[in-house]
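Remarks on the structure that follows.
FYI, it's all coordinate maths here, none of it is from the lab. Predicted model only: the values in this text are computed from it and were never measured. Ideal geometry is used to build each Cβ from the backbone, glycine not excepted, and the neighbour counts take in all protein chains shown.
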Amino acid sequence: ITGLRDIFLSQEEYLDTEVMVSGWVRSNRDSKNFGFLVISDGTFFTPLQVVYHDSLENFAQAAKLGVGAAVIVEGKLVATPEAKQPFELQASSITVEGDTEASYPLQKKRHTLEYLRTIPHLRPRTNTFQAVFRIRSQVAFALHSFFQERGFVYVHTPIITASDTEGAGEMFQVTTLPLESVPMEKGEVQYGEDFFGKKTSLTVSGQLNGETFAQAFRDIYTFGPTFRAEKSNTQRHAAEFWMIEPEMAFADLDDVMFIAEDMLKYVIQYVLVNAPEELEFLNQFVDKGLLDRLNHIVESEFARVTYTEAVEILQKQNDRFEYKVEWGCDLQTEHERYLTEEVYKRPVFVTDYPKDIKAFYMKLNEDGKTVAAVDCLVPGIGEIIGGSQREDDYEKLKKRMEELKMDLEEYEFYLDLRRYGSTRHGGFGLGFERAVMYITGMSNIRDVLPFPRTVGNCEL
Ligand code: 4AD
Ligand code: MG
């Protein structure tokens with residue numbers, strides 16, 4: 001069975017030949033003695049039109065095929081220069097692999113994204129989600145390519161962890177099953193307790209583990225699921241999301257920004273080349289400015305501004321903000337979007353945030369008040385990347401951890417990295433879903449996660 005991807009990408013080879021294709025019915029229009037089936041097989045965005053006549057043995061069955069049915073079609077592929085589609089398949093046989101029922105929820109009309117969220121098991125069959133999830137897959141691949149081409153080592157960091165990397169206390173705790181549900185033998189671990197007697201959680205970030213590998217391999221990256229128990233019920237927060245976290249030894253904040261900008265451009269360029277049909281569709285139906293924006297980004301240079309400068313710019317606009325800006329406050333989405341959408345009109349790196357609103361591991365600047373942090377903000381979303389140069393001085397790091405009343409014993413391994421051959425180093429975390437939102441123009445994180453876990457939602 002030939003995939004539609006092969007047929008569409010090598011049309012000359014297949015025209016005027018007999019092919020066998022498979023797919024699901026998108027629509028079926030029948031007249032007295034002929035009909036048109038549109039089928040999509042998932043391998044290519046554009047569906048294929050099939051013409052069938054009453055010369056088919058099972059013409060009546062074909063004419064009754066409903067949307068969603070699975071079929072195998074054999075026939076000749078012929079050019080249709082005068083039609084919208086470059087070719088169609090003239091069926092010599094249609095075999096029904098799996099019929100469908102009239103209750104099938106995806107009929108030919110357009111459904112709202114809200115409605116489609118209620119049927120996560122069926123929505124991958126729609127045009128929008130075909131486009132989004134193929135692009136999601138390509139973005140993942142492109143990220144691997146980008147780092148692998150540059151010699152970065154992919155590190156699999158653990159999901160169960162004892163450290164709270166971001167220090168925000170937004171962790172999902174891990175416990176073993178409650179006692180009653182598990183038959184126990186004498187001397188076995190105590191169920192209903194923490195992880196074999198230790199307090200553990202689902203990871204919020206692989207960074208601290210990543211740093212240990214960077215101090216051995218120099219350039220590494222992690223890529224995996226991360227979890228946050230924050231009660232942020234917004235369009236850009238999920239409780240389970242993926243993060244890609246590169247970490248580089250012998251590197252400073254400039255190196256971090258350089259690689260972050262290069263990475264985003266590389267990934268966007270990859271998708272522009274490899275998913276043109278999908279992007280065209282999204283540009284037409286989801287986000288009208290998408291293609292222009294993506295093309296513009298790969299050519300533009302990202303803006304740079306310090307937190308202190310950004311606060312000065314934002315304070316002049318305090319009237320328009322719900323949260324008023326003053327030095328020391330965390331930037332809210334409304335501030336981030338104002339900077340990137342109104343002031344710079346392209347991605348912007350904001351650097352050197354106050355130490356008190358950032359994590360313990362960031363390198364203290366000479367002013368003693370700010371740290372070598374960087375967030376990358378993009379139009380339409382706000383923060384897409386958070387990163388920093390790390391504190392590499394043993395005494396300063398220890399002092400900061402003590403100030404924050406952290407359990408030093410738990411982080412001995414981290415302090416060791418500063419005892420034994422400490423280096424300048426840094427890295428960042430790219431929110432994978434936010435990157436996919438940015439590249440697809442989708443405005444809700446629930447629509448770029450195959451099975452979203454957000455506040456109050458864990459279906460399927
Ligand atoms: O800024 P964050 O919290 O940084 C870290 O976790 C660092 N350890 C990264 C590093 O330096 N290695 O998170 C990084 C990115 C954010 O910029 C955002 O894009 C995304 O992760 N993110 C979320 N995405 C979806 N839902 C959430 N709840 C998110 N929280 C953070
Ligand atoms: Mg952040």
So if R0 is 51 Å, what FRET efficiency would Thr234 and Gln11 give, r being the distance between their Cβ atoms, rounded to the nearest 0.05?
0.70
Cα centroid separation - region 153-176 against region 392-460, whole Å:
9 Å
Nearest-ten-degree value, helix 253-274 long axis tilted from longest Cα axis of the chain:
0 degrees
Using alpha-carbon positions, the gyration tensor of region 332-428 gives root eigenvalues a ≥ b ≥ c; with a/c under 1.5 called rounded, otherwise prolate if a/b exceeds b/c, else oblate, the class is prolate
Between Gln90 and Phe172, how high is the FRET efficiency from 1/(1 + (r/R0)^6) when r is the Cβ-Cβ distance and R₀ = 56 Å? Nearest 0.05.
0.50
Two pseudo-spin positions, 7 Å from Cα along C-beta at Leu122 and at Gln269, lie apart in nanometres by 4.2 nm
Count the net charge of all other residues whose Cβ sits under 11 Å from the Cβ of Val19, scoring Lys and Arg as +1 and Asp and Glu as -1.
-4
Check cross-link reach from Lys355 to the lysines: straight Cα distance under 29 Å, and skip same-chain residues fewer than eight apart.
Lys199, Lys231, Lys316, Lys324, Lys345, Lys363, Lys369, Lys396, Lys398, Lys399, Lys405
Would you mind getting me the FRET efficiency between Glu403 and Ser31? Use the beta-carbon distance for r and R0 = 56 Å, nearest 0.05.
0.10
Return the lysines within reach of Lys32: Cα separation strictly under 19 angstrom, same-chain partners fewer than 8 residues apart disregarded; answer none if there are no such residues.
Lys64
Check each of the GluC sites (Glu not before Pro) in region 227-279 and keep only those in coil by DSSP with at most 12 other C-beta atoms within 10 angstrom; list them in order.
none
Using θ = phi - 60° and the Karplus curve 6.51 cos²θ - 1.76 cosθ + 1.60, what whole-Hz ³J(HN,Hα) does each residue of region 228-235 get, with Gly and Pro shown as x?
9, 8, 6, 8, 8, 9, 10, 6
Run through every distinct alpha carbon pair of region 296-366 and return the Kirkwood hydrodynamic radius in angstroms, one decimal place.
13.1 Å
Modelled label-to-label distance, Lys396 and Ala162, 7 Å Cα→beta-carbon offset: nm?
2.8 nm
Report, largest value first, the span of the C-alpha coordinates of the chain along each principal axis, in whole Å.
85, 66, 45
Would you mind classifying region 213-266 by shape? Square roots of the alpha carbon gyration tensor eigenvalues, ordered a ≥ b ≥ c; an a/c under 1.5 is rounded, otherwise it is prolate if a/b is larger than b/c and oblate if not.
prolate
Cross-link partners of Lys76 among lysines (Cα-Cα below 19 Å; sequence separation of 8 or more within a chain):
Lys84
For the residue pair Asp254 and Phe217, what label-to-label distance in nm results when each label sits 7 Å from Cα along the Cα-to-beta-carbon direction?
2.7 nm
